[in-house]
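The values are calculated or read from the model by the stated rules, or taken from the named source; none is laboratory data. Small disclaimer: the values here were computed from a predicted structure and weren't measured. Every residue, glycine as well, gets a Cβ built from its backbone with ideal geometry; the counts of neighbours run over all protein chains shown. Side chains included, ligands, DNA and RNA excluded: accessible areas come from the protein's heavy atoms. Shrake-Rupley method; radii C 1.70, N 1.55, O 1.52, S 1.80 Å.
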Amino acid sequence: QVQLVESGGGLVQAGGSLRLSCVASGKIFSINAMGWYRQDPGKQRELVAAITSGGSTNYGDAVKGRFTISRDNAKNTVYLQMNSLNPEDTAVYYCNAALRGSWYSGDRTYWGRGTQVTVSS
């Protein structure tokens, strides 16, 4: 069984910063890509940022230049540093990982339960 647990969400004023963390645990052989998505009520879940095991990154247009994704492969952890936050960044942020549970299995995608980020104006 694999679990992804997010932390670091909360309430912040516009212009402020937050750092999210997500730890993957359980039966894990290797982790390929990890990432962050967000979803506001009534809207589709959208990509915030993703990072491969080799460190290549990809960002959603809305966060480029403000957010930075990073990972610690030894700790099975992915981080999201969020700067210059604005009220449009308010959403539930979900961690995502594509990983293999054993050497003979293919990648499977797992999701965390999400952490709320609220930015006040």
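Applying the criterion of being open to solvent by less than 40 Å² (accessible area, probe 1.4 Å) and β-branched (Val, Ile, Thr) to the residues of the range 44-56, the residue that is nearest to the chain's Cα centre (by Cα) is Val48. Applying the criterion of being among the hydroxyl-bearing types (Ser, Thr, Tyr) and assigned to a strand (DSSP E or B) to the residues of the range 88-102, the residue that is least open to solvent (accessible area, probe 1.4 Å) is Tyr93. Within the range 57-80, if we keep just the residues that are open to solvent by less than 60 Å² (accessible area, probe 1.4 Å) and in contact (Cβ under 8 Å) with a residue 40 or more places away in the chain, the residue that is nearest to Thr118 (Cα to Cα) turns out to be Leu80. For the range 103-121, the tally of residues that are in contact with a Phe, Trp or Tyr (Cβ under 7 Å, 6 or more places away or on another chain) and either open to solvent by 30 Å² or more (accessible area, probe 1.4 Å) or modelled with pLDDT under 95 (or both) stands at 2.
A quick yes/no check of all residues on (1) small (Gly, Ala, Ser); (2) in a strand (DSSP E or B); (3) open to solvent by 60 Å² or more (accessible area, probe 1.4 Å):
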site	(1), (2), (3)
Val5	no, yes, yes
Gly16	yes, no, no
Ser21	yes, yes, no
Ile31	no, yes, no
Arg38	no, yes, no
Gly42	yes, no, yes
